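No lab work stands behind these numbers, since they all come straight from the coordinates. Please read these numbers as outputs of a predicted model, since none were measured by experiment. Cβ placement follows ideal geometry from the backbone for every residue including glycine, while neighbour counts extend to all protein chains displayed.
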Amino acid sequence: MSASIDLTALAQEYERRRPVFERLTVALKRAMRSCLLDAGIAPTISRRVKAYPSLARKAIENGWPDAMDRSPDLAGVRIIVAFARSKDAIVEALGRAFVLSADDDKVAGYGVTEFRYLGRHMQIAFRPGDEPAPDLAGVEAELQLHTRAESAWADASHDLIYKAALELPR
């Protein structure tokens, strides 16, 4: 980690851009719910903006002085379904209405004896011209697609896997 991280500048940039991520996640959640209901799918959808301490930790761990531009999960939406067989129909429906990219099925690469983080992640954005506000054009969020069981495991294991003890400089 040779890059120097200016945490004061990072915090200021985070506070400046956070409102856009808040508006993005609210708008995406609403539009995704409508899209999926039109397709006859009624999953649970939640949203969040990455908290600053998590961003700072990620910047330090990865040596990213430009963490605001490199972190793909500043804005996030999670869809939870009962069964894995619903995932493809959701991706298909969302793919018709949004820009989806960087599809990463976490389960696909694991062997039968491995038990790690599960779920399917991708980036999602409004299609050009469909965004509800000009400042949301081209802004992406991380879409997490989980079954109920995968979501429970993600919630239970998140702090153990991703939040190992790391003291932030004061």
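A few notes on this one:
- Segments 9-18, 43-52 sorted - mean Cβ within 10 Å per residue, highest first: 43-52, 9-18
- Placing one equal scatterer on every Cα of the range 25-102 and applying the Debye formula, the log10 ratio I(q)/I(0) at q = 0.12, 0.17, 0.24, 0.26 Å⁻¹ is -0.44, -0.75, -1.07, -1.18.
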